[in-house]
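J.: Next up is a structure, given as structure tokens.
Just so you know, all these numbers are worked out from the coordinates, no wet-lab data involved. Just so we're clear, the structure is a prediction, and the values are computed from it rather than from any experiment. Here the Cβ positions follow ideal geometry from the backbone for every residue, glycine too, while neighbour counts run over all protein chains shown.
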Amino acid sequence: MKKIIFEQIGNIGMVLLLMAALVQTVTSSSRNTILLGNWWFIFLGWIILFGILKYLYSKTARKGGYSFMAGEFSIQDERERAVSNRATVFAYKMTIIFLICAILIFAVLNLEVVQLKVLGIVLLSSGIIIGFLAYMLAWIFYDLRI
Amino acid sequence: MDIVNQAKKYRKLHRLTQEALAQAVGVSRRTIISLEKGKYTPSLLLALQLADFFQVNISEIFYLDKQMGI
């Protein structure tokens with residue numbers, strides 16, 4: 001369970017930083033110039049730090065079945081595979097529901113181009129975060145239940 | 001129809017801890033706990049591995065509870 005919480009918190013942090021970096025670029029860039037703000041460096045730093053932490057965790061938590069490459073899909077045995085499969089189905093459903101809601105929000109709102117871009121980034125990032133969160137919560141739920 | 005399992009009985013007969021049995025069949029202790037509580041139905045492979053480990057027929061460890069009905 002710890003490996004999934006570790007992985008998903010790292011993933012959520014990564015998506016949040018990517019979202020901040022993209023929003024900063026979209027709002028500060030003009031048609032001819034693309035500006036990379038400081039959020040990109042923080043995002044890059046997070047990727048490097050998280051990568052190192054993942055590597056170290058995979059070396060110290062072998063018994064728990066954490067794999068650097070498999071990430072949140074790391075499994076120790078067949079019971080955890082069943083837990084992971086159920087959590088994946090739940091996360092898929094939650095993400096689809098959220099994306100349908102996001103499409104409806106997009107269709108209803110009447111926004112300018114920049115606002116549309118920002119809203120698009122925020123909604124898509126939120127969709128990914130909801131997928132990560134749903135997977136983590138479902139994993140914890142099924143791990144305790146099965 | 002439920003599956004009854006006698007994994008706990010056979011583990012105790014062999015005087016094994018859950019950890020030792022888990023290591024012997026290559027799963028986590030958590031899986032053995034869930035299996036013994038009847039929360040988790042093992043795959044055919046794990047059921048066969050357990051039967052092989054205890055040197056009994058698979059049907060002596062796992063069988064259908066016909067009284068439960070469908």
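J.: Just to be sure I understand the filter: pairs with C-beta atoms under 9 Å, separated by 6 or more residues or on different chains, first member in the range B:7-24 and closer than 16 Å to residue B:56 by Cα, second member of a type in the set (A, V, I, L, M, F, W, C) and not in a helix (DSSP H, G or I). Which pairs pass?
T.: As it stands, the answer is B:7/B:62; B:10/B:16; B:10/B:56; B:21/B:27; B:24/B:16, since those pairs meet every condition given.
J.: Something else now. Which one of these does residue A:45 not meet: (1) surrounded by 12 or more Cβ atoms within 10 Å (Cβ to Cβ); (2) under 17 Å from the mean Cα position of the chain (by Cα); (3) assigned to a helix (DSSP H, G or I)?
T.: Tallying (1) surrounded by 12 or more Cβ atoms within 10 Å (Cβ to Cβ); (2) under 17 Å from the mean Cα position of the chain (by Cα); (3) assigned to a helix (DSSP H, G or I), residue A:45 fails exactly one: (1).
The rows are residues; the columns are (1) in a loop (DSSP other than H, G, I, E, B); (2) basic (Lys, Arg); (3) within 25 Å of residue A:146 (Cα to Cα); (4) more than 14 Å from chain B (Cβ to nearest Cβ).
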{"position": "A:49", "(1), (2), (3), (4)": "no, no, no, yes"}
{"position": "A:56", "(1), (2), (3), (4)": "no, no, no, yes"}
{"position": "A:75", "(1), (2), (3), (4)": "yes, no, yes, no"}
{"position": "A:81", "(1), (2), (3), (4)": "no, yes, yes, no"}
{"position": "A:86", "(1), (2), (3), (4)": "no, yes, yes, no"}
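J.: Here is a further query. Identify, by number, the condition in (1) under 21 Å from residue A:86 (Cα atoms); (2) touching a helix residue (DSSP H, G or I) at 6+ places or on another chain (Cβ under 9 Å); (3) not aliphatic (A, V, I, L, M) that residue B:18 doesn't meet.
T.: Result: residue B:18 fails condition (1) only.
J.: Quick one: count up the residues across the range B:43-70 that are part of a loop (DSSP other than H, G, I, E, B) and either in contact (Cβ under 8 Å) with a residue 12 or more places away in the chain or among the acidic types (Asp, Glu) (or both).
T.: Total meeting the criteria: 3.
J.: Here's something else I'd like to know. From A:93, A:54, which residue is within 16 Å of the chain's Cα centre (by Cα), basic (Lys, Arg) and under 30 Å from residue B:42 (Cβ atoms)?
T.: A:93
J.: Please identify the pairs in which a residue from the range A:111-129 that is free of Cβ contacts under 8 Å to residues at least 24 places away in the same chain and over 17 Å from residue A:97 (Cα atoms) has its Cβ atom under 7 Å from the Cβ atom of a residue that is surrounded by 15 or more Cβ atoms within 10 Å (Cβ to Cβ) and among the hydrophobic types (A, V, I, L, M, F, W, C), counting only partners at least 6 apart or on another chain.
T.: Qualifying pairs under 7 Å: A:111/A:119.
J.: Another question about this same structure. Do we have any residue at all in the range B:42-60 that's away from chain A (no Cβ under 14 Å), under 29 Å from residue A:1 (Cα atoms) and of a type in the set (Ser, Thr, Tyr)?
T.: So far as the range B:42-60 goes, no, none of its residues is away from chain A (no Cβ under 14 Å), under 29 Å from residue A:1 (Cα atoms) and of a type in the set (Ser, Thr, Tyr).
J.: Could you pull out the residue among A:98, A:68 that is away from chain B (no Cβ under 14 Å), touching a residue at least 12 places away in the same chain (Cβ under 8 Å), farther than 15 Å from residue A:142 by Cα and outside any helix (DSSP H, G or I)?
T.: Selected residue: A:68, the only one of A:98, A:68 that is away from chain B (no Cβ under 14 Å), touching a residue at least 12 places away in the same chain (Cβ under 8 Å), farther than 15 Å from residue A:142 by Cα and outside any helix (DSSP H, G or I).
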